[in-house]
Amino acid sequence: MKQRFILALLLCGFLFAGISCKDDKTYAELLKEEQDSIDKYLKGYRVADIPANLDDLETTNGDRESTAAPYYRLENGVYMQIVSKGNGTAIETGNKVYFRFLRQNLKTLVSTGSADAVGNFYYENVDDFYFNYNTVTTSSSTTYGLGIEYPLQYVGNKAIVKIVVPSKMGFTETTSSVIPYLYLVEYSLSEQ
């Protein structure tokens, strides 16, 4: 009798566990949703490879809302649209790079048409937001993710770019939640 009671409890436990897990999505499903969101966002833009001659990189001439310049494919599913190439001073390996940013949840943006933008883009002092630029394969900071460093191969000091960053290449907290973000980033070799 006691064994039947324990067996019944175990079966009920498995039943409830199955019901509660039924609504959860697998990691593979979340990754597919993420890619679908990225694809849907990019559908409104021209997507291109980086040209052999970097002088041929197109910009939006400062217009953050322009669809005229393409989103360039970078590594690991990251895409970049150049708003401004900067002042011509290259950012090199070992430089301390300060950055201003705004980011929007791309899943929310494509499903509702808008998403709150959060970040420090309008802060006067950004000395707490920096990374030491190393290479395109090793991020100096797991906090910010490698995705925001990729454009530095193509733009310089004071450049402004929009970047589509999949979760695996973004801020630490986005990795497990599988949320892609659209970033607006300005790079600087000085704090202000």
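Taken as a whole, the condition of being farther than 15 Å from Ala159 by Cα and β-branched (Val, Ile, Thr) applies to Ile50.
Residue by residue, here is whether (1) assigned to a helix (DSSP H, G or I); (2) modelled with pLDDT of 55 or more holds:
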| site | (1), (2) |
| --- | --- |
| Cys12 | yes, no |
| Phe16 | yes, no |
| Asp24 | no, yes |
| Asp36 | yes, yes |
| Gly62 | no, yes |
| Asn76 | yes, yes |
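Of all the listed residues (Val165, Val97, Val126, Val110), the sole one being touching a Phe, Trp or Tyr at 6+ places or on another chain (Cβ under 6 Å), surrounded by 15 or more Cβ atoms within 10 Å (Cβ to Cβ) and modelled with pLDDT under 90 is Val126. Please specify each residue of the range 78-132 satisfying the condition of being part of a helix (DSSP H, G or I) and out of contact with any Ser or Thr (no Cβ under 6 Å at 6 or more places or on another chain). Once the filter is applied, which keeps residues that are part of a helix (DSSP H, G or I) and out of contact with any Ser or Thr (no Cβ under 6 Å at 6 or more places or on another chain), the range 78-132 yields Thr108, Leu109, Ser111, Thr112. Number of residues in the range 28-45 that are out of contact with any Lys or Arg (no Cβ under 6 Å at 6 or more places or on another chain), closer than 25 Å to Phe121 by Cβ, in contact (Cβ under 8 Å) with a residue 24 or more places away in the chain and not aromatic (Phe, Trp, Tyr): the value is 4.
The values are calculated or read from the model by the stated rules, or taken from the named source; none is laboratory data. Here the structure is a predicted model, which is why all the values come from computation and not from measurement. As a convention, Cβ positions derive from the backbone with ideal geometry for all residues, glycine included, and neighbour counts pool all protein chains shown.
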